Amino acid sequence: MISNVFKQGFFLAFVLAFLAGCTATDTMDDADDAAADRADERGVTTGTADRDRLRASEEDDAEALDNVIYFGFDQATLQPESRALLLAHAERLRNPGNNVSVRLEGHTDERGSREYNMALGERRANAVRDFLVLQGVSRDILEVISYGEERPAARGSNDSAWAQNRRVEIKY
Amino acid sequence: MKHIFVFVALLALSFTAQAQLTIEITQGVDDPTKIAVVPIQRTDGVALPEDISRIVMANLERSGLFDAIPRDNMLSFPRAENEIHFRDWRVLGTEYLLIGQVTENAGIYRVSYELFDVLGERRIMRRQVVEGSEGQLRSIAHNISDRIYETITGIRGAFDTQIIYVEVVRHDDGTDTFRLMRADADGARPVLLLESSEPILSPVWSPDGRRVAYVSFETNRPAVFVQNLATGEREQVTDFVGLNGAPAWSPDGRKLAVVLSKDGNPEIYTLELANKRLTRVTNHFAIDTEPSWTHDGKGIIFTSNRGGRPQIYQVDLASGRVERLTFQGNYNARGRLSPDGKSMVMVHQREGTFNIALQELDTGTLRLLTETQLDESPSVAPNGAMLIYSTRHRGRGVLAVVSLDAGTRYYLPSERGDVREPAWSPFFD
């Protein structure tokens, strides 16, 4: 599978380099550089990341949205203060454009057992998904994945770190 | 999506990581048995590559039940019965005396040893002989420790067993390296089984000790894998939407209990490894996870928050009938039965701290075995005397061991990164 990823990356880089090379204008050097930059990135990313990057450039004009929703200990219910942010994401995702998919990554703090936390992280991500779907977002573009306590945002074993780690990240 | 690096170490490569777990004893029993382990050396005077008697001493002391006489205090180093002066050993308060010697021929080491009762001035174990290659000298020392421990305590020793665990190193750029490791029960001889830039968790031994199952995110989603320890060969056995986790081997080694949320909710299933036939076990809108089989293979204990908070339940596989096992406190999770089936160890929350607790199944009595803050993942040694778990110590994830009577404890800190999720092997026989 990994070798496939590499092949894909190199192939795309090759295609881009090829297109850039065919663009016989006085901006050719710049285009070459851009293609080379992308090729570097592609050496260590997969196809999906390519879509992320293309979309990110479209969104430069849009207001940057916070993309983390926080939860209470052993809780998977949305807190009232998350509502405004989720509505803004729902607004954006109701007309997502082509090929947009969003990953809802659920996380927990380090306390308690790991597999229970894996389930809890999924519950949190599901809560976000269900809210977005109720607001008219297509379920098909939302993918839920839980990392449990395996990917903390903040290090440390204290209330502040734990509060930052009980979260769902909305990843475009 | 990040690019994922996965590396499977074949045993043939014998990849040994530099980072080793080192032992730090923090508590032993009040009145340990005094034993003298006389240096076991080669009869021809050539130095051994491993100090067998020191490994034996360390093993016995780590059990908490023994106090080894320091080598410097010994008045003589007898190698045979006719060289023993029992009075010299009584003076030191020695109760038991272990002597032995080693011969080597064409790379095969032959270790013979005998155990004496100092007060009774008699041999209590007739001369034993163990043979092995240079690379097996540590195993020979563990094997000797097992025999001594069993002869004196009546309990089978578990020194010649292994552990698997997860080691995580976080890099400055925010990425992580996850490693599945295997080592001797004393933390020595660590061997890399799998390395990935994505999470690895929940490793468990097959009942025969030849395979391990674990969860890896290397496909960017959780999936359960089974890996053969001798060949390094591995198979992805689940690939469902949602959670794929918490593998647990059936006692006959033919099935895995797993947790899947493919039907919208975390439920426990059994998966027949030969034909991948899946059978749903639980059916509840709450979280059901962390399955572990009863020893007769007829039931599964698991964690569920169906009562509002996580508690441990048992389901009878034939009838589907579910019974709640824990009632003390509002967080009990990840239960594992002791080898004799009479008690269960688990993660228990008390006043904001998470500890390992043991519950007697017939009386329901609950005892805390640990008193640190973030204790998790208990795994009982196959002889039922000790359990290994993970906790945090000086800001790092470490493994720790505590006896099931809570009398003895020691840490196995790692030289690098955080270590966690230890699983103690079965006996290899």
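The values are calculated or read from the model by the stated rules, or taken from the named source; none is laboratory data. Note that this is a predicted model, so its numbers are computed, not measured. All Cβ positions, even for glycine, are placed from backbone atoms using ideal geometry, and neighbour counts span all protein chains on display. The accessibility values were calculated without ligands, DNA or RNA, using every heavy atom of the protein model including side chains. Shrake-Rupley method; radii C 1.70, N 1.55, O 1.52, S 1.80 Å.
Place a +1 charge on the Cβ of each Lys and Arg in the protein assembly as shown and a -1 charge on the Cβ of each Asp and Glu, then give the dipole magnitude about the Cα centre in debye, rounded to the nearest 20. Numbers along the way, then the final one.
On the way: 68 positive and 87 negative charges, 326 e Å.
So the magnitude is around 1560 debye.
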May I ask for the distance between the Cα centers of the stretch B:343-380 and the stretch A:98-172, given as a whole number of Å? 28 Å
Please state the charge dipole magnitude for the stretch A:68-171, taken about the Cα centre, from unit charges on C-beta atoms (+1 on K and R, -1 on D and E), reported in debye and rounded to the nearest 20. 240 debye
So, with points 7 Å from each Cα along the Cβ direction, the B:Asp340-B:Val169 label distance in nm works out to 4.3 nm
Interface residues in the stretch B:198-234 - accessible area drops by 30 Å² or more relative to the isolated chain, probe 1.4 Å: B:Pro199, B:Leu201, B:Phe217, B:Asn220, B:Arg221
Alpha-carbon Rg/Rh ratio, for the stretch B:142-204, with Rh computed the Kirkwood way: 1.20
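Given a Förster radius of 22 Å and the C-beta distance between B:Gln128 and B:Thr33 as r, what FRET efficiency does 1/(1 + (r/R0)^6) yield to the nearest 0.05? Please list the in-between numbers first.
Details: r = 19 Å, r/R0 = 0.88.
Step by step, r from the Cβ atoms, then E = 0.70.
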Considering only protein heavy atoms, what per residue accessible area in square angstrom results for chain B with a 1.4 angstrom probe? 41 Å²
Under 17 Å from a label point 7 Å along Cα→Cβ of B:Asn283: give me every residue in the stretch B:254-270 with its amide N that close. B:260-270
Separation in nanometres of the label points that stand 7 Å from Cα toward Cβ, at A:Leu65 and A:Asn98: 2.2 nm
State, to one decimal in nm, how far the label point of A:Glu143 lies from the label point of B:Asp296, with both points 7 Å from Cα in the Cβ direction. 4.5 nm
Could you report the buried accessible area between A and B, both sides summed, computed with a 1.4 Å probe and given in Å² to the nearest 100? 3500 Å²
Roughly to the nearest percent, how much of the accessible area of the protein assembly as shown is carbon and sulfur, given a 1.4 Å probe? 48 percent
With angles folded into 0 to 90 degrees, how steeply does helix B:137-153 sit against the dominant principal axis of chain B? Use alpha carbons for both and round to 10. 90 degrees
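Could you give the dipole magnitude of chain B about its Cα centre, charging the beta-carbon of Lys and Arg +1 and that of Asp and Glu -1, in debye to the nearest 20?
Computed about the Cα centre, the dipole is about 680 debye.
Seen from all sides and averaged, what is the projected area of the convex hull of the Cα atoms in the stretch B:287-428, in nm²? Intermediate results must be reported in sequence, preceding the final value.
Details: hull surface 37.3 nm².
Directional mean of the projected Cα hull area for the stretch B:287-428 stands at 9.3 nm².
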Restricting to the stretch A:68-171, compute how many DSSP beta bridges are antiparallel as a %, nearest 5. 55 percent
